[in-house]
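Here is the structure we will look at, set down as structure tokens.
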Amino acid sequence: MFPIPFVPTLDYRGPRGWNADRTAVAKQLNIPGGVLKHAACDLIAPPGTPVLAVGNGFVRDAPYPFYPKEGPLITYAFSIQHRGFVARYCEIDRKVEVKVGDYVLEGQVIAYIGDQPGNDMLHLELYDGTEFGELSTPKILANAPFFRRKDVMDPTPFLDQWRATAVWKQSSKYKYKPRDADGRLFLADA
């Protein structure tokens with residue numbers, strides 16, 4: 001399932017895609033050698049846009065600050081263990097629809113895109129699950145130029161495959177189905 005209800009107008013490839021140059025960020029973080037590559041795909045969407053589970057899985061952690069910025073605006077991240085991979089959903093609002101240990105279903109509303117300076121987005125990272133520990137930290141120097149765990153992988157082929165499921169139009173108001181018996185929230189049909 002595509003992780004937001006629509007395919008963004010601004011492509012998740014190129015400057016917003018996997019392996020894009022992040023030299024400016026490397027300088028801000030004082031990364032040795034000053035080289036950093038983008039370890040994700042950014043899906044540009046307005047704040048409040050629902051974030052959807054890309055597949056069934058278990059919520060691994062509670063929302064935690066993602067790439068903290070100075071000032072009152074901050075976004076969050078959390079991860080879900082899906083079948084065959086871990087997805088890290090980043091640049092989200094602190095308000096989420098799930099908690100640690102919840103079993104989520106494909107297409108379930110799990111979070112909302114946060115508000116930040118510049119482009120608002122879902123920053124999606126995928127990991128094949130062959131490594132253990134934290135997914136991302138500047139201390140992970142072993143996997144330059146991504147500075148993520150060694151099992152980080154390119155989300156582009158997955159997003160390309162999931163595009164056909166993004167059938168809603170970009171909107172500021174989405175319609176939701178009544179919550180199911182387990183309290184799960186889903187978008188109403190497009």
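The values are calculated or read from the model by the stated rules, or taken from the named source; none is laboratory data. Note that the structure is a prediction, hence the values are computed from the model and not measured. Because the Cβ atoms are built from the backbone with ideal geometry, glycine has one as well, and the counts that use them run over all protein chains shown.
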Any hit, the range 120-133, residues being farther than 28 Å from GLY33 by Cβ and loosely packed, with under 14 Cβ neighbours inside 10 Å: no
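Taking GLY48, is it closer than 28 Å to GLY133 by Cβ, in contact with a strand residue (DSSP E or B) (Cβ under 6 Å, 6 or more places away or on another chain) and either assigned to a helix (DSSP H, G or I) or of a type in the set (Gly, Ala, Ser) (or both)?
no
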Answer from GLY133, GLY129 - the residue that is assigned to a loop (DSSP other than H, G, I, E, B), at positive phi and at pLDDT 85 or above: GLY129
Check on GLY118, touching a helix residue (DSSP H, G or I) at 6+ places or on another chain (Cβ under 9 Å), without any contact (Cβ under 8 Å) to a residue 40 or more places away in the chain and not basic (Lys, Arg): no
Failed condition for LYS150, given (1) in contact with a Cys (Cβ under 6 Å, 6 or more places away or on another chain); (2) free of Cβ contacts under 8 Å to residues at least 40 places away in the same chain: (1)
Hits in the range 71-114 - residues which are touching a Leu at 6+ places or on another chain (Cβ under 6 Å) and assigned to a loop (DSSP other than H, G, I, E, B): GLU97, GLY107
The range 75-105 - residue that is within 20 Å of GLN170 (Cα to Cα) and of a type in the set (Asp, Glu) and, of those, surrounded by the fewest Cβ atoms within 10 Å (Cβ to Cβ): ASP93
Residue match in the range 164-181 (condition: touching a residue at least 24 places away in the same chain (Cβ under 8 Å), on the phi > 0 side of the Ramachandran plot and either buried (at least 18 other Cβ atoms within 10 Å of the Cβ) or part of a loop (DSSP other than H, G, I, E, B) (or both)): no
Criterion violated by GLY33 - all others in (1) of a type outside the set (A, V, I, L, M); (2) more than 14 Å from the chain's Cα centre (by Cα); (3) assigned to a loop (DSSP other than H, G, I, E, B) satisfied: (3)
Residue among ARG60, ARG22, ARG16 that alone is among the basic types (Lys, Arg) and under 20 Å from ARG94 (Cα atoms): ARG60
